[in-house]
Structure formats: structure tokens, C-alpha cells
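Written below as C-alpha cells is the structure these notes are about.
The values are calculated or read from the model by the stated rules, or taken from the named source; none is laboratory data. Nothing here was measured: the structure is a model prediction, and the numbers come from that model. Cβ: placed from backbone, ideal geometry, glycine included. Neighbour counts: every protein chain shown.
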Amino acid sequence: MRLVLAGVLGVVVGAAGVAGSTLAYRAEAPSQAAECGTAAAKIRTTMYFGLSRPKGTVSELEWQMFLRDEVTPRFPDGLTVWEAEGQWRRPDGVVDHERSKVLLLVHPDTGVAREALESVIARYRQRFDQESVLWETARVCATS
């Protein structure tokens, strides 16, 4: 999948004045369709799943089963996963380091998709005894 970030801040529309002597410009906020042209306006969500847990770590097999059982049924159109090293500050001020999985999804901006994201997070936290799952979203234009 190819992603194109839209960087258009405004569309300038020209209009000729009386007798062609004056040229006026008006700035308009672009619609989502104008921003993306022929590409589809979508949401890109990136999720960060820590692999450490109180009793060991999340194994590669457990992660693959989680993707198969929880993520893929909710986002069957595709996803990207990569490994990362992360760090975070615990409430006591100590900085912890841990291996992580980063999951990137491109999906429509719908209530169904938001509920699916919340379900994935809740299931991961419950299944692997996690305090949280970091996630971020951004509007993107996507073509396939």
C-alpha cells in the first residue's frame, strides 16, 4: 500500500474582475476529497504493544496468535507490524526499557473502526496483563 500525506492547507481560486482589469483570489479550506484527489481519505493508527509482563514476556507465538485472533478479524484489509525497543517512565520515576511490537493500520474514520481499535487494546491489556497500549492516529490519503 502506498501512503501519501496531504499537505494542502488551502485552495486558491482565481476570479477575474470587471473588464479584466482586476484579479482577485479567495482562499478556501479544502474538502477531504480535494485534499486527497483520487486517493481515499483514511485514518492511520499506529499502536505500540509492550512485550514485558509481570510473569515474563509475550512470546512470538502468543503475539502471532493475538494478531490472528484479535486484530485480523477486526482489520482484515491489511496491516504492518515491526519490532521496536521502547522505554517509558514508571510512576516511581525509574525509566524501563522493553521490546515492543508496533502495529500500523490504515482504516476508514468510522465508529466501527474506533470500536475495533478499543477492543484490540482492551483484549491485549487483559490477555497480557498490560497497564496500557500507546496509540496515535493521523489523517492520511491512501491508494492501493
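Things to note:
- Among the conditions (1) without any contact (Cβ under 8 Å) to a residue 12 or more places away in the chain; (2) touching a Gly at 6+ places or on another chain (Cβ under 9 Å); (3) of a type outside the set (Asp, Glu), the only one that residue 61 does not satisfy is (2).
- Cβ pairs under 9 Å, 6+ apart, first in the stretch 123-144 and not assigned by TED's automatic domain parsing to the domain that holds residue 50 and surrounded by 14 or more Cβ atoms within 10 Å (Cβ to Cβ), second in a loop (DSSP other than H, G, I, E, B) and polar (S, T, N, Q): none
- Given (1) at pLDDT below 95; (2) within 23 Å of residue 141 (Cβ to Cβ), number of the condition residue 47 does not satisfy: (1)
- Residues within the stretch 64-104 that are in contact (Cβ under 8 Å) with a residue 40 or more places away in the chain and either aromatic (Phe, Trp, Tyr) or touching a helix residue (DSSP H, G or I) at 6+ places or on another chain (Cβ under 8 Å) (or both), tallied: 7
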